[in-house]
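The values are calculated or read from the model by the stated rules, or taken from the named source; none is laboratory data. The model shown is predicted, which means the values in this text are computed figures rather than measured ones. Positions of Cβ are backbone-derived with ideal geometry, glycine not excepted, and every protein chain shown enters the neighbour counts.
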Amino acid sequence: MSLSSSVAHRRPGLQPRDVAYHVCVIAFGFVMVYPLLWMVASSFKPADEVFANVTSLIPRRPTLDNYVQGWAGFGGISFATFFRNSLLYAGVGTLLVVCSSALSAYGFARLRFSGRRFWFVMMLLTLMLPIQVQVIPEYIVFSKLGLLNTFWPLLLPRIGGQAFFIFLIMQFIRGIPRELDDAAAIDGCGQFGIFWRIIVPLISPALMTAAIFSFYFTWGDFLHPLIYLNDPRLYTISVALRTYSDPAGVSNWGAIFAMATLALVPVFVVFLFFQRYLIQGISTSGLAGR
Amino acid sequence: MGRTPRQWATGSGVGTAKAEIEYALPVQPRSAQAAAAARRRAWRRNLTGYLFIGPWLFGFLAFTLVPISASAVLAFTNFNVLSPNLSWIGLNNFATLLADQRYWRAVRATLLFAFAAVPLKLLFALGLAMLLNNARRGVYAYRAAYYAPSIVGASVAVAVVWREMFGKQGPINAMLGSLGITTTAWLGDPATAPWTVILLAVWEFGSPMLIFLAGLRQIPTEFYEAAAIDGADRLRRFGAITIPMLTPLIFFNLVLQMIFGFTVFTSAFIISSGSGAPLDSVLLYSLYLYQKGFKDFQMGYAAAMAWALLLVVAACTALIFRSSSHWVYYEADAEDRR
């Protein structure tokens, strides 16, 4: 877990070196999270205080007005709508991505069929594909199908899973002894039975990791909702925040920070409850946030 | 559980060679009946395989392969969603690209971004991984705190906060002002605006940091002990053990972050309000592509831009891969040479 030297030489009590270490790490950590703390603090400051008392992290006159005013949204559409849209996109999108990725991961990791090697290489290549190359022709197709301003262009591509997650889940499946599969096969399980009864329960940590990351990616996705959704009633939280915070028409900064804070709440809740899976996932697959 | 980072960075374990050979062995039928049975079995095996990868295959064909091929064709047309006449214009889009001054400003902004943000991000990631690779009390909380920015960094919410942090009346200027430093309009000056976007990217060093941390834990402690006995000091141990052992991960992070660096969109969009201002200094490649494709609806032109990007990314990736044999150290190779 750590270099043995630092453990072996540990003396009882707090050494000056340890104190210096903690002071440095905490100080730099504070600088790191300052922007987030500032956002939260500003969301509780009354409008005249946000930029008057700008560096302070403690509101002089804390208020919830920003949340009430912000939640009312714009154009008669409240943030409840935007949250519902984001939850729909992130929820359904994640479900599709994880199911599809798990199936293909099993196919690539355990099954032998002609062309497997070829498709596997194709799958790995898509890891390196800049999304910009896809987005224009995809847009043309969806506009020809008359599906602009619906959630279809956001959800349909998720059926294909995501190469990152396929790769991650494959790593887990490879760690499962094949004897388990064989035993199940002898007991009369088909390939799907093996997948569903043996593999899925064993790879649930990997599925959790994939689900969390997929949730993050879709919840934060900006480009796709921006190009496909023009009707404010369909806006996800990211597009709504962009419209709401347009510098040309902003008067109430506190309300913007309040909605920005709310937009990040689901992300941090997931982080607090599932950080074990996140850190494990990154360490085993190199799944980097993008 | 899974392969170690070292294993997968070397590519070992991906489709084991033995299994491939087994699979490639010709089946030797004893009779026509047996041959038919073998064919049926092979057919069934293929069917099962394709059923499992079916969803992925559908997605790949419909939303990756076909779009990309289509965009290759589009790049040679004057396709515009708003106008009905579509014609083949050959290399015109690419000729226009070469003469488009905004395009080159976008390229310059993107190169500055990638060449500043990626190395800085990896340096911070490695430095903090070294600092947090111990068993001190509270180290888990520290890791979480340093990682937190990278889970929210790509969001619109954080980009909005960032824009206001560096605004004229924002906290950065207020702090500098209270220290007696003359403040500046960070976002209005083409010399400083790109650095706010770069800083936001560097701030998200949490993911590579965790990857480096996992890698540090894989280094056998005997290496350090042996080096210490030989009288190597800290710096020497770092240069002779830590860095070489981490090179596969540095390589991996470099490839991934480089692709990220060429495609970042949200932060530049929000910080410049979609314009790339001031003076196109924040006009990152994907932002210009968005403007051309989805504001001006010059999709053929945007497709040509996308293909130019794809070629550059492929070339950079190939370059890093080619160079890797000179600086990436694989233990497996060393064992082979022994």
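Assorted remarks:
- Looking only at residues of the stretch B:299-312 that are within 17 Å of B:GLY261 (Cβ to Cβ) and crowded, with 21+ Cβ neighbours inside 10 Å, we find that the one that is nearest to the chain's Cα centre (by Cα) is B:ALA306.
- Only listed residue being more than 10 Å from chain B (Cβ to nearest Cβ) and either under 20 Å from the mean Cα position of the chain (by Cα) or part of a loop (DSSP other than H, G, I, E, B) (or both), chosen from A:PHE82, A:PHE113: A:PHE82
- With respect to (1) farther than 17 Å from B:PHE297 by Cβ; (2) surrounded by fewer than 20 Cβ atoms within 10 Å (Cβ to Cβ); (3) more than 10 Å from chain A (Cβ to nearest Cβ), the lone exception for B:PHE113 is condition (2).
- The set of residues from the stretch B:129-150 being at the interface with chain A (Cβ under 8 Å from one of its Cβ atoms) and part of a helix (DSSP H, G or I) comprises B:LEU131, B:LEU132, B:TYR142, B:ARG143, B:ALA144, B:ALA145, B:TYR146, B:TYR147, B:ALA148, B:PRO149, B:SER150.
- Per this entry, B:PRO190 is not counted among residues that are assigned to a helix (DSSP H, G or I) and either more than 9 Å from chain A (Cβ to nearest Cβ) or of a type in the set (A, V, I, L, M) (or both).
- Residue match in the stretch B:148-155 (condition: surrounded by fewer than 16 Cβ atoms within 10 Å (Cβ to Cβ) and either aliphatic (A, V, I, L, M) or touching a Phe, Trp or Tyr at 6+ places or on another chain (Cβ under 7 Å) (or both)): no
- With respect to (1) touching an Asp or Glu at 6+ places or on another chain (Cβ under 8 Å); (2) at the interface with chain B (Cβ under 7 Å from one of its Cβ atoms), the lone exception for A:PHE172 is condition (1).
- Among the residues of the stretch A:159-180, the one identified as more than 30 Å from A:TYR89 (Cα to Cα) and buried (at least 18 other Cβ atoms within 10 Å of the Cβ) is A:ARG174.
Residue-by-condition table, conditions (1) at the interface with chain A (Cβ under 8 Å from one of its Cβ atoms); (2) outside any loop (DSSP other than H, G, I, E, B):
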position: B:ILE270; (1), (2): yes, yes
position: B:PRO278; (1), (2): no, no
position: B:PHE294; (1), (2): yes, yes
position: B:ALA302; (1), (2): yes, yes
position: B:ALA318; (1), (2): no, yes
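- Tallying residues that are in contact with a Cys (Cβ under 9 Å, 6 or more places away or on another chain) and not acidic (Asp, Glu) within the stretch A:160-182 yields 1.
- From the options B:PHE124, B:PHE166, B:PHE94, residue that is under 25 Å from the mean Cα position of the chain (by Cα) and more than 8 Å from chain A (Cβ to nearest Cβ): B:PHE124
- Residue in the stretch B:45-53 that is within 30 Å of B:SER207 (Cα to Cα) and at pLDDT 85 or above present: yes
- Residues that are of a type outside the set (Val, Ile, Thr) and at pLDDT 90 or above within the stretch B:167-198 comprise B:ALA193, B:PRO194, B:TRP195, listed in sequence order.
Residue-by-condition table, conditions (1) under 30 Å from B:LEU112 (Cα atoms); (2) of a type in the set (Phe, Trp, Tyr); (3) outside any helix (DSSP H, G or I):
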position	(1), (2), (3)
B:ILE211	yes, no, no
B:GLU222	no, no, no
B:ALA228	no, no, no
B:THR242	yes, no, no
B:MET245	yes, no, no
B:VAL255	yes, no, no
B:PHE260	yes, yes, no
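- Qualifying residue in the stretch A:230-251 (condition: crowded, with 19+ Cβ neighbours inside 10 Å, at pLDDT below 90, out of contact with any helix residue (DSSP H, G or I) (no Cβ under 6 Å at 6 or more places or on another chain) and over 30 Å from B:ASP296 (Cβ atoms)): no
- Among residues of the stretch B:52-78, those that are in a loop (DSSP other than H, G, I, E, B) and within 30 Å of the chain's Cα centre (by Cα), counted: 2
- In the stretch A:242-281, the residues that are free of Cβ contacts under 8 Å to residues at least 24 places away in the same chain, under 23 Å from the mean Cα position of the chain (by Cα) and over 20 Å from B:GLY206 (Cα atoms): A:ARG242, A:SER245
- Conditions (1) over 17 Å from B:VAL282 (Cβ atoms); (2) free of Cβ contacts under 8 Å to residues at least 12 places away in the same chain; number of the one not met by B:THR247: (2)
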